[in-house]
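*Asks:* Would you mind keeping the following structure in view while I ask a few things?
The values are calculated or read from the model by the stated rules, or taken from the named source; none is laboratory data. None of the values given here were measured: they were computed from a predicted structure. We place every Cβ from the backbone using ideal geometry, glycine too, and count neighbours over all the protein chains shown.
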């Protein structure tokens, strides 16, 4: 590979003192002080390069053929155009999709071309890859319009090209080019010469590494030790790749990596000891799983000397997606997650391997083989594409059953998941959450309940639609799917729950009685004062012996004049005289209500592509209005097979 001299022309960089770190000592910087980073970082070659023909020829035929089919399609595909006027959509009308679709399609095509080149060592891939890389280098901004913030402007119709912004996808693009250079360096050097290689290195440095070193105000750095969310490990994992594969100055590389570790400390500090992920299961893959990416890179680049996998909060992270599994690809939905697993199974397998979690590895293999495929967005990342081919013990593992754990209580997250039978989807699965309404990617859902039957969704959290400007703005809760009345929580005096940390559950606890498990929480504080509620106590019980779920609500409030309890459903309710039933997946479920109530059904067509892909053409709400009086009362719902 031609090595550029660009990085070595930078001024010398002094390592921070081990006892005076940028953002204070944390668990990771305690393990990886700057002096140790400087001494231990070496080369990092986690995957075979194109010149290692034996390594690429060893890829099993099944995934080899699938990958080559996508590579052949990429060779024939037109290169997507990125228009300034489409970028401006976000500023003008809040639309993100029209620009993001071709943006991500470019990265997907590059990924598929690179994997095809490596599998075949066929020269016909090289020029299209060179064209793709050069075109991406010509882009004004590597990120997306929703993230084109700057210090001078809150938002511009077009990116400020004189002020590089490091967002999620600028960092991911830099890593994509760094991986391409790592894998195909010699072939691209032969095709494009030193100018091509220097351009790639210089663009990564100009857009990512130098701005990262020069600025401390990136919000995802969490300099004030607050505000770390999935952005922190997501950006940092890609900066690590870019640094380790393109930065040749030893001291500068150590300074960058030490600053990354200091930022990751803040993210680790806010993780929950129980392993729970408040952002939902699909965001687990770009939050905790990206932290695993960071630690994997540090471990590999130090020959195992820098090992952060035993940090307790890290070691617990693989527990959450295992617990959220319903059956097949179906998952329990919380926050801005998704009710179906859409990502690469190797993501979860690597976490299970590195954290010694056999249940996570088993679920990953089951997801590998489950029908339904992956979301297109999941096919853009080259590192994860490489892991699909080379993750040890994953690609060639024999089919295995998912663990389908019997029960898990996330006491810190305040989420209970319980099913009737360990290792089987047969029967009921119950999930209840408490928490607060300021969680990352929050929905107002304190006290929400989900129910599945035989591995099929019944009572649901609807999830989130296609992102727009409103999704992450003060108008977020104008979106119907963000609000508590679509999370199986009552509308009290016409009022739904409010957003904010103070709108929270209290006294959340789990009890066992023989083979039954019950979660109980006080929810009244999740509503604003105008709801007039003093106490709203909910309990949800999975009674395994009697094959039933019982949700019992008890409330008190002199100011309460009206109360409606909506149940959001993946399947239509069947109303037959005074009986209510459902038919998810072919087995009849009966619902009994313990008091006189008015029953109404509301059908909601799904015109949003994300929600339609998840739930089909429509979802339903069963609206239960108890008879008077409502200032003090109770309501018990019993789901029975």
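*Asks:* Looking at (1) surrounded by 14 or more Cβ atoms within 10 Å (Cβ to Cβ); (2) under 15 Å from residue 481 (Cα atoms); (3) modelled with pLDDT of 95 or more, find the lone condition where residue 614 falls short.
*Replies:* Condition (3) is where residue 614 drops out.
*Asks:* Just checking, how many residues over region 422-447 are assigned to a loop (DSSP other than H, G, I, E, B) and in contact (Cβ under 8 Å) with a residue 60 or more places away in the chain?
*Replies:* Of the residues in that region, 14 qualify.
*Asks:* Quick one: what pairs do we get from region 193-211, first residue more than 24 Å from residue 167 (Cα to Cα), second surrounded by fewer than 23 Cβ atoms within 10 Å (Cβ to Cβ), C-beta under 9 Å, 6+ apart or different chains?
*Replies:* Within 9 Å, the pairs are 193/2; 194/2; 194/4; 196/2; 196/130; 196/134; 196/189.
*Asks:* Quick one: residue 619 ticks every box in (1) assigned to a loop (DSSP other than H, G, I, E, B); (2) farther than 16 Å from residue 551 by Cα; (3) in contact with a strand residue (DSSP E or B) (Cβ under 9 Å, 6 or more places away or on another chain) bar one, so which box is it?
*Replies:* (1)
*Asks:* Residue 356 versus (1) touching a strand residue (DSSP E or B) at 6+ places or on another chain (Cβ under 8 Å); (2) assigned to a loop (DSSP other than H, G, I, E, B): which is the lone unmet condition?
*Replies:* With respect to (1) touching a strand residue (DSSP E or B) at 6+ places or on another chain (Cβ under 8 Å); (2) assigned to a loop (DSSP other than H, G, I, E, B), residue 356 is out only on (1).
*Asks:* Starting from residues that are loosely packed, with under 13 Cβ neighbours inside 10 Å and either touching a strand residue (DSSP E or B) at 6+ places or on another chain (Cβ under 6 Å) or at pLDDT below 95 (or both), keep the ones in region 62-91 and report whichever is farthest from residue 177 (Cα to Cα).
*Replies:* Within region 62-91, the match that is farthest from residue 177 (Cα to Cα) is 62.
*Asks:* Give me a count of the residues in region 421-455 that are over 21 Å from residue 537 (Cα atoms), more than 19 Å from the chain's Cα centre (by Cα) and buried (at least 20 other Cβ atoms within 10 Å of the Cβ).
*Replies:* 7
*Asks:* Now for a different question. On the basis of being within 30 Å of residue 325 (Cα to Cα), assigned to a helix (DSSP H, G or I) and either modelled with pLDDT of 95 or more or not assigned by TED's automatic domain parsing to the domain that holds residue 337 (or both), does residue 233 make the cut?
*Replies:* yes
Every residue, every condition in (1) part of a strand (DSSP E or B); (2) closer than 24 Å to residue 331 by Cβ; (3) at pLDDT 95 or above, yes or no:
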position: 464; (1), (2), (3): no, yes, no
position: 481; (1), (2), (3): no, yes, yes
position: 503; (1), (2), (3): yes, no, yes
position: 533; (1), (2), (3): no, no, yes
position: 539; (1), (2), (3): yes, no, yes
position: 552; (1), (2), (3): yes, no, yes
position: 559; (1), (2), (3): no, no, no
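*Asks:* For residues in region 205-220 being in contact with a helix residue (DSSP H, G or I) (Cβ under 8 Å, 6 or more places away or on another chain) and closer than 16 Å to residue 150 by Cβ, which is surrounded by the fewest Cβ atoms within 10 Å (Cβ to Cβ)?
*Replies:* Once the filter is applied, the top-ranked residue is 219.
*Asks:* If we keep just the residues of region 483-501 that are on the phi < 0 side of the Ramachandran plot and part of a strand (DSSP E or B), which is surrounded by the fewest Cβ atoms within 10 Å (Cβ to Cβ)?
*Replies:* So the residue we want is 501.
*Asks:* Would you confirm, using the coordinates I've provided, whether residue 565 is in a helix (DSSP H, G or I) and in contact (Cβ under 8 Å) with a residue 24 or more places away in the chain?
*Replies:* no
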